[in-house]
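For reference, the structure discussed in these notes is given below.
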Amino acid sequence: MDKETYRFMYPTSIASLSFAFSGKALQWLYGTTTDDDGRETVNFILFGDLLARMALTTGESKGFRRPLTLAAGQAQYSEEQLSAQWNMGRKRIRNLLDALTDMGLIDTCRSRVASVMTFPCVREWRTSDGGCITNPFTHEQREE
């Protein structure tokens, strides 16, 4: 994956994001992950791709067979879709999502209907029109 792929995915309505990262999470974000073809991607780009999926306001998710209403701070995801986009097997994707959960970067809830992700490391975001939205899914970072 290259930076150009993700540059245009981020919402233009966001002026800034406020994060709280553990030391372990910061180390991971500055590392790399190798895909199935041996190409390395900076982990922050992978995390940024997940973050770009986050709903900024309450509403219906798009692009899934079973769309659902998401609260601000949630993202619907598919391990199969991530596997195809990131060129990694589904088991690697699941292990990666589990590692992100252990570091406090995301929380996931899988069901037969849909998989939903939240971002407890995001404290708040400021909109380009000056508004501020506090993430309802924030919790204290677990330092290990």
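The values are calculated or read from the model by the stated rules, or taken from the named source; none is laboratory data. What you are looking at is a predicted structure, and each value in this text was computed from that prediction instead of being measured. Here Cβ is always computed from backbone atoms with ideal geometry, including for glycine, and neighbour counts include all displayed protein chains. All accessible areas refer to the heavy atoms of the entire protein, side chains included, with ligands and DNA or RNA removed. Shrake-Rupley method; radii C 1.70, N 1.55, O 1.52, S 1.80 Å.
Taking trypsin sites (Lys or Arg not before Pro) in DSSP loop states with no more than 11 other Cβ atoms inside 10 Å as exposed sites, the chain has its longest site-free stretch at 1-61.
Placing unit charges on the Cβ atoms only, positive for Lys and Arg and negative for Asp and Glu, gives the chain a dipole magnitude near 400 debye about its Cα centre. When the helices of the chain are scored as -39500 (n - 2.57) per DSSP H run of n ≥ 4 and the total is divided over every residue, the value at 222 nm lands at -8000 deg cm²/dmol. What Kirkwood Rh does the range 59-144 have if only Cα atoms enter the pairwise 1/r average? Answer in Å. Final number for the Kirkwood radius of the range 59-144 is 14.2 Å.
Once the chymotrypsin sites (Phe, Trp or Tyr not before Pro) in DSSP loops with at most 11 neighbouring Cβ atoms within 10 Å are cut out of the chain, the longest remaining piece is 31-144. With bins 10 Å wide beginning at 0, the percent of Cα pairs of the range 104-143 falling in each bin runs 27, 39, 27, 6. When the Cα positions of Gly38, Cys109, Cys132 are compared along the charge dipole of the range 13-144, Cys109 comes out farthest toward the positive end, with charges on each C-beta of Lys, Arg, Asp and Glu. Pairs of Cα atoms nearer than 8 Å and 6+ residues apart set the relative contact order; for the chain it is 28 percent. Apolar share of the accessible surface for the chain: 51 percent from carbon plus sulfur atoms, 1.4 Å probe. Projected onto its three principal axes, the C-alpha set of the range 14-95 covers 37, 31, 20 Å, listed from the longest axis down. Of the residues Asp98, Asp107, Asp129, which exhibits the maximal mean-square fluctuation in a Gaussian network model of the chain defined by a 10 Å Cα contact cut-off? Sorting by GNM fluctuation, first place goes to Asp129. Here the contact order of the range 96-141, divided by its residue count and restricted to Cα pairs under 8 Å and six or more residues apart, works out to 27 percent.
Take the chain with all the other protein chains still there, run a 1.4 Å probe, and you get 57 Å² of accessible area per residue.
Counting only Cα atoms, the size of the range 1-138 along its three principal axes is 42, 34, 29 Å, in decreasing order.
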